[in-house]
Amino acid sequence: MASLEIGIVGLPNVGKTSLFNALTNAGAEVTDYAAAQSSANVGVAAVPDARLDQLAVVAGSTETIYASVQIADVSGLARGAGKNGSLGGAYLGHLRASDALVHVVRTFGDADVFHVDGRVDEVADAEAVDLELVLADLQVVERRIERATRAGRTGFKAAAASLEQLARLVAHLDDGAPARTFGEPLPDDLDLLSRKPLLYIANTSESGDAEAVAALQRYADGTPVVAVAARFEAELAEIDDPDERSAFLAEIGQVEAGMPRVARAAFQLLDLITFFTVGPKEARAWPLGRGSTALEAAGKIHSDIARGFIRAEVITTADMLACRTHAEAQRRGVMRVEGRDYVVADGDVVNVRFNV
Ligand SMILES: Nc1nc2c(ncn2[C@@H]2O[C@H](COP(=O)(O)OP(=O)(O)OP(=O)(O)O)[C@@H](O)[C@H]2O)c(=O)[nH]1
Ligand SMILES: [Mg+2]
């Protein structure tokens with residue numbers, strides 16, 4: 001299964017790697033200077049889901065397997081990087097390959113941490129990175145225009161139409177606006193960073209930085225903002241003992257870890273739904289593109305199951321929790337039998353009958 005990847009962007013030293021560690025528990029190196037690392041940290045973040053926890057209890061499943069998203073953490077994006085073309089190579093490769101971007105903005109203001117501009121200004125910082133992404137895209141579109149112009153000379157009508165659209169896009173990007181807000185359908189192969197779904201993370205101090213978070217929310221103008229104290233969360237992720245965890249959380253007056261919120265927001269950003277398979281061996285959450293069919297869901301589980309697909313038996317999470325077993329759900333008439341074209345709904349408990 002090709003895994004969906006989320007790329008972390010942000011200015012240097014804002015806590016991207018701390019967030020990555022908190023999400024993935026990978027223990028990547030965190031430095032208090034701006035590390036110029038050329039390779040990326042890539043890891044997997046589990047997406048906690050209370051519905052799955054309950055289903056696992058009801059079914060007495062030995063193992064609980066959450067859905068996951070892949071996260072890539074690269075070094076900081078310097079101001080000017082998009083314009084002067086230094087947004088190159090491996091760095092861009094990772095971001096371009098991402099299906100969505102998480103943009104970390106620093107609101108914590110410890111004096112002991114080096115900050116590139118010697119101050120904390122969350123809105124200016126966010127704006128700077130957003131602009132670099134737009135400028136990098138502008139270069140891509142301009143290159144595309146050069147190519148389309150050459151094709152146009154040899155007389156392709158399609159090239160002329162796309163040239164007009166690309167010129168409108170250049171004007172849009174030139175205003176500093178992201179491709180996301182362009183409002184015209186663009187060719188699928190035009191891979192622009194500012195076109196990807198985006199989520200802001202306000203990396204706060206343990207006190208929460210309410211004012212700065214509110215300012216960032218105003219700037220974000222509808223784009224989701226999730227506030228979290230990344231360094232604290234990264235430390236929390238390393239504690240396995242439940243009592244120790246509770247004590248650590250209580251220290252900053254929190255009852256639960258903030259990372260599940262981030263993981264869920266990232267998951268939503270990818271426009272995924274979750275379906276479940278539940279049995280005594282394992283209860284498992286599967287990510288699936290919204291609008292996918294039962295046959296596609298079967299293919300996520302195993303290509304053989306899709307190939308030999310006969311039918312899907314579908315129970316809602318609520319019905320499954322009430323009935324406790326597939327057999328009881330069938331007896332009460334809440335188990336639906338669906339064909340290969342059934343559009344799977346979020347929270348469906350699915351059992352595929354297949355024949356190989
Ligand atoms: N007080 C505080 N410090 C933090 C927080 N998150 C990160 N830091 C500190 O900020 C510094 C940079 O953190 P990193 O996670 O390495 O930041 P980064 O964005 O990955 O940095 P580069 O990869 O070098 O661009 C480290 O000293 C962290 O301990 C936070 O939430 N609160
Ligand atoms: Mg880092």
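The values are calculated or read from the model by the stated rules, or taken from the named source; none is laboratory data. On a predicted model such as this, the values are computed, not experimentally measured, just so you know. Here the Cβ positions follow ideal geometry from the backbone for every residue, glycine too, while neighbour counts run over all protein chains shown. Heavy atoms of the whole protein, side chains included, go into the accessibility calculation; ligands, DNA and RNA do not. Shrake-Rupley method; radii C 1.70, N 1.55, O 1.52, S 1.80 Å.
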Next on the checklist: Testing Glu251 on (1) open to solvent by 30 Å² or more (accessible area, probe 1.4 Å); (2) more than 20 Å from the chain's Cα centre (by Cα); (3) at pLDDT 90 or above, one condition comes back false. Which one is that?
Outcome noted: (3)
Item to check | When residues of the stretch 1-25 are limited to those that are at pLDDT below 85 and touching a helix residue (DSSP H, G or I) at 6+ places or on another chain (Cβ under 7 Å), the one farthest from Val226 (Cα to Cα) | outcome: Met1
Next on the checklist: Take the residues in the stretch 46-94 that are among the hydroxyl-bearing types (Ser, Thr, Tyr) and at pLDDT below 90; name whichever of them is most open to solvent (accessible area, probe 1.4 Å).
Outcome noted: Ser86
Item to check | Number of positions in the stretch 271-290 that are surrounded by fewer than 17 Cβ atoms within 10 Å (Cβ to Cβ) and either in contact with a strand residue (DSSP E or B) (Cβ under 6 Å, 6 or more places away or on another chain) or part of a helix (DSSP H, G or I) (or both) | outcome: 2
Next on the checklist: Of all residues being acidic (Asp, Glu) and over 22 Å from the mean Cα position of the chain (by Cα) in the stretch 209-229, which is surrounded by the fewest Cβ atoms within 10 Å (Cβ to Cβ)? Just the residue, please.
Outcome noted: Glu211
